Structure formats: C-alpha cells, structure tokens
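Worksheet: one structure, shown below.
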Amino acid sequence: MASRPSKRRRVTPPPEDGQESGNNDTKVQKSFFKSAANWNLEHKYESKTRKAKKKEVKKNGNEVGGRLPVKTSQGTWQVQDDADSVVSDADWLESDGDDGAVEEAPEAAAPEAPKIPEREQILKAQEELAKIATQLNEDPEEHPGAFKALARIGDSRIPAVQKLCIVTQMTIYKDVIPGYRIRPASEEAEKLSKDVKKLRTYEQALVSGYQGYVKTLAMHAASTATEGRKRGQPISSIALTCACTLVNEVPHFNFRGDLLRILLRKLSGRNLDANFAKCRQALETLFQDDEEGNASMEAVSLLTKMMKAREYRIDESVLNMFLHLRLLSEFAGKASHDTVSRASDLPNGKKPKAKKEFRTKRERKLLKEQKEADKVMAHADASVSHEERERMQSEILKMVFASYFRILKARTPHLMGAVLEGLARYAHLINQNFFGDLLEALKDLIRDSDTPEKDVDGETNEDEEDDELSVIRDTSRESLLCTVTAFALLEGQDAHNARSDLHLDLSFFITNLHRSLFSLSVNPDLELGAKSLHLTDPNDTSSSDSPANRRSDNNKINLQTTTVLLLRCLSGVLIPPWNIRSVPPLRLAAFTKQLMALALQVPEKSCQAVLALLHDVVHTHGRKINALWNTEERKGDGTYKPLSDTVEGSNPFTTTVWEGEILRKHYCPKVREELKAMEKELRGI
C-alpha cells in the first residue's frame with residue numbers, strides 16, 4: 001500500500017509565467033530595502049543585555065561548546081562552528097553577540113525623554129478626555145476602566161490639565177450615575193449570569209472612581225495655592241463649584257457626606273466671598289428640593305456639629321439656612337430640643353392595639369418573605385415611606401431647636417436676630433412643654449439688655465478682641481425681637497382653642513414695650529435695618545471693606561427695620577388675631593396716647609405707619625378709647641403718668657389726645673390725610 005505524501009507549506013505562490021515571477025521578486029526586494037531603511041541596528045545592539053560566554057565543558061580533552069557534536073562520515077565526532085550557523089540578518093540580530101570587544105565596551109547612557117511643551121500637553125489631555133467622555137457617553141458599561149484613565153490624566157502637574165480633568169469628571173459622573181445608591185457586593189458565593197457580573201463590575205468601578213474623585217475635590221478645595229489666579233479662576237473655586245453641582249444633582253448617591261463636608265468646611269471659615277455664597281446656595285437648594293429627608297437630615301446633622309465645634313462663630317446666613325427646610329410647611333407635629341409629639345399620638349402615649357388576624361404557619365412565612373423583599377426593593381429604589389419621612393423630619397426639628405436654644409443661652413450678639421426670627425418662623429412647630437423654658441430665656445435676654453453696657457462690655461472685650469464676627473449689640477432691637485417671638489409663639493399655637501392647656505403670661509413683654517416707646521421715638525436708626533449701610537469712619541481700618549459689608553444676601557431674615565419690628569409688636573399687643581376682643585381698655589388707651597406722642601417725633605414714613613396702626617385700633621376698639629378725643633368725658637381721676645413702670649399705672653383716661661391738633665399742621669400731606677381718616681372713623685362710632 002502506497003504511503004501518503006507529507007504536506008509541504010508553500011512559502012510563495014508559484015508564478016504563472018516568467019514575467020510575473022520577475023515582478024514579484026522585484027516587489028519583495030523593494031519592500032525589504034524599504035523596511036531595512038527604518039532599522040536602527042546600532043541602537044538595538046547597544047540596548048541588548050550583555051551575557052558572558054557559556055562555560056565550556058571539557059570532555060575527553062575536547063572543548064565542547066553550546067552545540068551538540070555531529071558524527072562525520074569517517075566516524076569521528078566534530079563540533080560545528082557557531083559562525084557557520086549565522087545565515088541571515090534576522091539570525092544575526094537575534095544572536096547574543098558574544099564578542100570580546102562587547103565586554104570591554106562601556107554601557108550606553110539611557111536617552112532622555114524629549115520635553116513636550118505645556119500647550120501640546122494640554123491639547124493632548126483635551127483629546128484624551130474627549131475620547132474617554134465619548135466612550136462613556138455611548139456605552140459606559142463596556143468601559144469600566146475609563147474612570148481610572150480619567151483619574152490618571154488628572155495627576156498631571158499642569159494646573160490647566162487638572163482643571164479640565166475635574167470639570168470633565170464632574171460632567172461624566174453627573175450623567176452616568178444611576179438613580180439608586182450602589183451597595184457593596186456580598187462576599188457570599190453566588191451563581192450570577194454574565195450580564196449581572198458585567199453590571200456589578202461596572203458599578204464597582206464607578207463607585208471606586210467616584211470615591212477617588214471626591215477625595216480629589218476635597219484636596220483641591222482645601223488648597224490655598226495661587227498658581228492659577230493669574231490665568232483665570234483658581235482650582236479651589238472650580239473644585240467647590242463641582243462639589244456644589246454634585247450635591248444638587250446626585251444627592252442620593254454614595255459619598256454624599258464627603259461632599260457635604262467640603263461645603264461645610266468653606267462655610268465654617270471667615271472669608272465671605274463668592275465661593276461662600278455658592279456653597280450656601282447649594283445647601284439651601286438641597287433643603288428645598290429634598291423630598292425624602294435623608295440628605296437634609298445628614299446635612300443638618302453635620303451643620304449643627306460644625307457650628308457647635310466653632311462655638312457658633314459663624315456668619316448669620318449659615319444659621320438662616322434652617323429656614324429653607326421643607327418641614328416648615330410639611331411637618332404636622334410639635335417638637336422641642338429633645339422630644340417630638342405628633343398629632344396622631346394619644347395623650348397618654350399609648351397606641352391602640354390592632355386586631356390580630358389569624359394566619360397559618362405557611363401564610364406567616366410568606367408574609368415575612370414578602371416584607372423582606374419589599375424592604376430590599378425600597379432600599380434599592382431609594383424610596384422612603386411617609387412614616388420614615390416624618391421620623392427624619394422630627395429628628396431634623398430637634399437638632400434645629402437644640403441649636404437655637406444653645407445660641408439663645410450663649411447670647412451670641414451677631415446671631416440673636418437670626419435665632420429669634422427663626423423661632424418666630426418655627427412657632428407653629430414648637431411643643432407647648434418647651435414654652436416655659438423658651439419664654440424664660442427671652443425674658444433673661446430682655447433683662448440683660450437693660451443692664452449697663454459697661455458690665456457687658458467688660459466681660460466680652462477680652463475674649464472677642466480679635467473676633468471678626470463680634471458686633472455691637474443693639475439692645476433695643478433685641479428687645480423688640482424677643483417680644484415679636486413671644487407673640488408669634490402664642491399665635492402659632494392657636495391659644496384660643498388650647499386655652500385650657502396653655503397658660504402663658506406675656507405681661508412682662510407688654511410692660512417692657514410700653515416703657516421703651518419714648519426711647520424708640522428718638523432713635524436715629526429707627527428706619528434702618530440691622531444690615532443697613534452707614535457712613536464709615538475714615539480713620540477706621542478694621543473691616544469696613546470686608547466682603548461681609550459688600551455682599552447682597554437674598555435671605556429676608558433679620559432685615560426688617562426697627563419701625564417694622566415695633567409695629568409687629570404693637571399689632572400683637574393691641575390687635576391680637578387669636579383673641580381680638582379680650583384686650584382691656586386701659587391697655588388700649590395707654591398705648592394709644594403713647595403712640596400719638598410718638599408720631600410727633602418719628603420720621604415721615606414711620607409717622608404714617610403709626611397712624612395707620614391707630615386707624616385699625618380705632619376701627620376695632622373705637623368704643624373703648626373714644627373718650628380720649630372728648631375733653632368732656634373723663635373716666636379717671638388723678639394725673640396722667642406717661643413714665644409709669646406699668647401700663648395700668650399710667651392712668652391714661654385722665655388725659656386727652658391733643659397731639660392730633662399738631663399733626664393737622666404736619667408738612668407731609670399723607671400724614672394729614674391719615675389723621676383725617678382716623679378722626680372720621682371716630683366720629684362715625
């Protein structure tokens with residue numbers, strides 16, 4: 001049987017004719033010379049490692065090299081020479097080059113890398129960032145390693161490349177971050193499909209890259225280098241902008257606390273620049289848009305801890321961020337600094353027992369598994385139930401009240417207006433059990449404002465000598481704010497319906513307001529707010545040009561003038577909305593007489609406002625105070641005492657309102673018209 005011939009590999013296709021064969025040989029030769037021109041044989045020879053000659057072993061007196069001996073036709077053994085084996089350039093290039101001259105030649109120095117200009121490096125970084133961003137935009141799950149590539153580009157020492165990288169990363173992460181929080185993968189061995197493994201790999205790469213990016217933002221935001229200020233915006237400002245954007249765009253994702261700490265680190269400083277306002281607005285937007293409450297709770301917790309650690313040496317606008325929380329309009333319970341009570345809770349604190357339904361063992365098992373599955377799905381979807389949201393809002397409210405109460409007891413001068421305004425806004429959410437402590441704190445604050453300024457200044461000047469946030473206390477304004485807060489608390493609790501449970505005595509605030517009317521009438525800053533501009537002392541070089549004096553805040557907190565605060569207090573005393581008919585005639589007459597005397601001293605706009613308030617008082621309580629305008633009807637005996645310590649002790653019905661005759665000659669036509677309208681109302685009674 002004939003054996004099968006072995007196959008031979010054809011190196012080149014057989015030529016069809018002589019002409020084609022010649023053409024192929026010419027083409028092969030040309031391509032060989034073309035490639036040989038690009039060879040760098042000297043460089044490759046110099047870069048090859050030097051190896052010593054292999055040790056020769058003597059056997060039977062003959063030197064045996066690295067090759068095996070060959071038996072000749074005569075029957076002797078002979079070693080083939082190494083030089084005969086080099087038959088081509090490729091074999092020569094791959095040889096070890098064991099030559100004596102090579103051993104004596106010194107090693108060649110490594111060539112230095114060429115220096116690339118900074119402009120070319122920036123252009124190259126732009127191209128790489130654009131390429132990676134395009135890949136992640138098209139199909140991010142197919143490129144999980146792109147996040148590390150972005151981080152490597154940001155490791156450049158060129159500030160422009162660093163700025164481009166952190167802004168590009170912010171845009172990419174904002175687009176690719178899913179709508180749920182990624183949990184760490186379980187260590188248990190599970191059988192997963194190919195698609196699930198692919199998704200998990202991508203999620204872990206995303207979380208790892210995002211964590212590194214947040215750390216990079218924290219490092220750049222805390223840096224104080226001035227490299228990029230000459231060429232544009234500093235990198236710290238860009239890092240804060242990226243952090244603010246991520247806090248507002250993806251507050252549900254991982255490492256939210258790290259981003260909030262970046263913002264709070266800036267808010268805790270004293271440099272009130274544009275970055276400070278940017279961070280504050282980002283947190284205000286977070287409070288307003290947070291429907292679940294998780295992000296707000298974490299932010300408020302970090303904010304209260306920061307303020308306590310700083311001993312409340314912060315800007316007033318930082319404290320006013322509490323007034324942007326959604327619980328002001330959504331929460332229905334009552335709270336204090338340590339407890340929370342809801343409307344659905346019973347007076348004794350016990351909940352009614354639900355009727356027990358009979359279930360079999362199998363049904364109970366299925367119900368338990370269903371609850372666990374629902375819990376996992378709710379956690380994955382980042383959905384929060386109504387009860388969970390109320391619980392978080394309760395915790396937020398307790399932290400807010402705790403901060404307000406600490407500042408109120410510490411009597412920090414530059415924060416008193418914000419605290420009292422905030423308590424007035426939160427009056428409808430304050431627990432009645434908290435009223436006693438709160439009103440006592442307000443009374444202590446008013447008593448402290450009545451003390452001489454020497455005693456107060458002597459204690460605080462040493463501690464706050466170098467404090468930029470220390471300000472001169474406006475005691476009259478603080479007293480008005482305390483009175484406004486006290487009446488706002490009573491109004492927010494619906495005292496008419498809760499008369500049996502609520503026992504509040506506000507006579508202290510009413511008496512203090514009555515005594516301070518004359519001093520307020522000669523106050524030169526009556527129509528100026530707490531942040532109104534004044535002419536600066538030309539010799540004062542402290543902080544007249546600081547950013548705090550130049551900035552314009554959007555918060556309408558503690559910006560009301562002293563006249564507005566006074567009118568709010570008087571409205572609560574004379575026309576209380578909760579019980580408008582229960583104001584005694586002596587109080588009405590005493591305040592009416594004082595206000596008519598006040599109208600003679602105050603500026604034009606304040607005079608119009610006071611007369612408008614008296615017009616409302618006459619319309620509501622005209623029969624009780626009509627005798628003040630009639631000289632023939634005197635209901636009291638004795639003399640009028642305008643400087644009496646009590647309202648009732650002034651004996652107002654022994655005098656008449658003669659100030660109206662002088663106001664008829666007032667230079668302002670609007671004042672004269674308001675007076676005529678009030679007297680017309682009196683004649684119609």
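FYI, it's all coordinate maths here, none of it is from the lab. This one's a predicted model, so the numbers in the text were calculated from it and none came from an experiment. Every residue, glycine as well, gets a Cβ built from its backbone with ideal geometry; the counts of neighbours run over all protein chains shown.
Remark: spin-label model distance residue 141-residue 386 equals 3.6 nm, labels positioned 7 Å along the Cα→Cβ axis. Taken along the Cα-to-beta-carbon direction at a fixed 7 Å, the label points for residue 410 and residue 623 span 5.3 nm.
Please state the shape class of region 118-267: rounded when a/c is under 1.5, otherwise prolate if a/b exceeds b/c and oblate if not, all from the C-alpha gyration tensor. Here region 118-267 falls in the oblate category. Positive contributions from Lys and Arg (+1) and negative ones from Asp and Glu (-1), summed over other residues with Cβ under 11 Å from the Cβ of residue 214, come out at +2. Distance between the modelled labels on residue 281 and residue 654, one decimal in nanometres: 6.1 nm (7 Å Cα→Cβ projection). If the segment from residue 368 to residue 211 were pulled out straight at 0.36 nm per residue, it would be longer than the present Cα-Cα gap by 52.9 nm. Full extension of the segment from residue 667 to residue 289, taken as 0.36 nm per residue of separation minus the current Cα-Cα distance, would add 131.0 nm. Stretching residue 193 away from residue 35 to a fully extended chain increases their span by 52.0 nm, per 0.36 nm per residue minus the current alpha-carbon distance. Amide H contacts for residue 430 (H built 1.01 Å from N in the peptide plane; partners 5 or more residues away or on another chain; cut-off under 5 Å): 335.
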